[in-house]
Amino acid sequence: MKKKVKVKKQVYYILIVIVILAIGAFYGYQKYQEYLYHQTYEYKLSTIGYSIEEAKLLEEKLPAEKLEFILNEKRSDIFVNLAQEKYFIAKEFDNYYAYYLKHKKMEIKDIVSIINCKVDQEYYSLALPTDMSKEEAIIVNKYYTLKEDYIPDDLVNVSMDYAWGNYGDIRVRKIAYDNFLDMWQAASQAGYYLMINSAFRTYQEQEIVFNNYKDSYGEDYALSIAAKPGYSEHQTGLALDIFSKTNSNRKTFKDSEVAKWLADNAYKFGFILRYPSDKVDLTGYDYEAWHFRYVGPEIAKYIYENDITFEEYYAYFLDK
Ligand SMILES: [Zn+2]
């Protein structure tokens, strides 16, 4: 009888010890979890005034190094507003912030666009080599340049039914031509007759164009009206200057019905209006109602529907 009581007591002690250990373990685990949480940026950011949502957003959009920077600054809406922007690119964080400090009244959306398009930099100052692996989505502008000897190997002659000049004068890459022909048909059904007056230009041809302006009117004027050789999209063989058979006047074409039809329909055939009137500050080019660039249907559709420039698309989706 006595033995049984002893055994019972032992079991009782063991149970107490287990319970104490379990409580200890539970408490320790809680403490450990808390410790871990205190190591997170979510927690650290919340201690300097960011809400949990804001902290989560910053943590999601920015690498540790930038979060450390933010932790050393006073709480500021600018970081949250930047991270919230649709086309925010983490690697441009420093550039956005530096630009913001100099232009505090500017809208955040515009700061992101300016930095993404690189127009905070002087024209022709970067001379970045165009990444040719992007194929029909290669970028050529005042920052990205093609090699002097670059000539696409699939140029085709545009039929004189659709182009001014002599046969062989107007050449374009096959993929752009095939899609232009489809667009021509659609335009024709809408009652318009499209005509190309310029397409592929070699580096040397662009040099002649540029130097002619320069010799006649000076370098500033030349820079305002023509691209420097190596920086013209026409050298890609994917850019077409399109007018109508009855209107090839740069000044009046922009107000024509054909120009409107092209602006609204070109994307269906993989072309974009490359230099729109409301994007001059981002493209670096005055409005050119006639200049269309083949980028492929998927990209063209996105750019058209989201009303952005090719520069913005390229920076956010392709420049990886
Ligand atoms: Zn053009």
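The values are calculated or read from the model by the stated rules, or taken from the named source; none is laboratory data. Fair warning: this is a prediction, and the values are worked out from it, not measured in the lab. Every residue, glycine as well, gets a Cβ built from its backbone with ideal geometry; the counts of neighbours run over all protein chains shown.
Gly270: more than 25 Å from Met160 (Cα to Cα) and small (Gly, Ala, Ser), yes or no?
Working: more than 25 Å from Met160 (Cα to Cα): no; small (Gly, Ala, Ser): yes.
Spelling it out, it is not the case that Gly270 is more than 25 Å from Met160 (Cα to Cα) and small (Gly, Ala, Ser).
Provide a single number: the residues in the stretch 82-111 that are under 16 Å from Leu318 (Cα atoms) and either assigned by TED's automatic domain parsing to the domain that holds Thr309 or aliphatic (A, V, I, L, M) (or both). I'd like the intermediate steps shown before the answer.
The first filter runs over the stretch 82-111 and keeps only residues under 16 Å from Leu318 (Cα atoms), leaving 86-92.
From what's left, either assigned by TED's automatic domain parsing to the domain that holds Thr309 or aliphatic (A, V, I, L, M) (or both): 89-90.
Within the stretch 82-111, residues that are under 16 Å from Leu318 (Cα atoms) and either assigned by TED's automatic domain parsing to the domain that holds Thr309 or aliphatic (A, V, I, L, M) (or both) number 2.
Assuming Tyr285 fulfils every condition listed in (1) closer than 26 Å to Lys134 by Cβ; (2) at pLDDT 95 or above; (3) touching a strand residue (DSSP E or B) at 6+ places or on another chain (Cβ under 9 Å) apart from one, which condition is it?
Among (1) closer than 26 Å to Lys134 by Cβ; (2) at pLDDT 95 or above; (3) touching a strand residue (DSSP E or B) at 6+ places or on another chain (Cβ under 9 Å), Tyr285 violates only (2).
How many residues, within the stretch 235-266, are within 23 Å of the chain's Cα centre (by Cα) and either surrounded by 23 or more Cβ atoms within 10 Å (Cβ to Cβ) or among the aliphatic types (A, V, I, L, M) (or both)? Give the steps one after another, and end with the answer.
Going residue by residue through the stretch 235-266, those that are within 23 Å of the chain's Cα centre (by Cα) are 235-240, 262-266.
If we keep only those that are either surrounded by 23 or more Cβ atoms within 10 Å (Cβ to Cβ) or among the aliphatic types (A, V, I, L, M) (or both) too, we end up with 235-240, 262-263, 266.
Within the stretch 235-266, residues that are within 23 Å of the chain's Cα centre (by Cα) and either surrounded by 23 or more Cβ atoms within 10 Å (Cβ to Cβ) or among the aliphatic types (A, V, I, L, M) (or both) number 9.
What are the pairs with Cβ atoms under 7 angstrom where one residue, in the stretch 192-221, is touching a residue at least 40 places away in the same chain (Cβ under 8 Å) and under 21 Å from Tyr150 (Cα atoms) and the other, located anywhere, is within 14 Å of the ligand (Cβ to nearest atom) and in a helix (DSSP H, G or I)? Sequence gap at least six, or different chains.
The qualifying pairs are Ser198/His234; Ala199/His234; Phe200/His234; Thr202/Gln235; Tyr203/Gln235.
Looking only at residues in the stretch 221-251 that are basic (Lys, Arg) and part of a helix (DSSP H, G or I), which one is farthest from the ligand (Cβ to nearest atom)?
Let us first name the residues in the stretch 221-251 that are basic (Lys, Arg), namely 228, 245, 250-251.
Imposing the further condition that a residue be part of a helix (DSSP H, G or I) reduces the set to 250-251.
On the way: Arg250: 10, Lys251: 15 Å.
Taking the candidates together, the pick is Lys251.
So, in the stretch 267-310, how many residues would count as being touching a residue at least 60 places away in the same chain (Cβ under 8 Å), away from the ligand (no atom under 16 Å from the Cβ) and in contact with a Ser or Thr (Cβ under 9 Å, 6 or more places away or on another chain)?
3
Taking only the stretch 165-206 into account, find how many residues are away from the ligand (no atom under 16 Å from the Cβ), surrounded by fewer than 18 Cβ atoms within 10 Å (Cβ to Cβ) and not small (Gly, Ala, Ser).
10
Return yes or no: is Lys251 among the basic types (Lys, Arg) and out of contact with any helix residue (DSSP H, G or I) (no Cβ under 6 Å at 6 or more places or on another chain)? Give the steps one after another, and end with the answer.
On the way: among the basic types (Lys, Arg): yes; out of contact with any helix residue (DSSP H, G or I) (no Cβ under 6 Å at 6 or more places or on another chain): yes.
Spelling it out, Lys251 is indeed among the basic types (Lys, Arg) and out of contact with any helix residue (DSSP H, G or I) (no Cβ under 6 Å at 6 or more places or on another chain).
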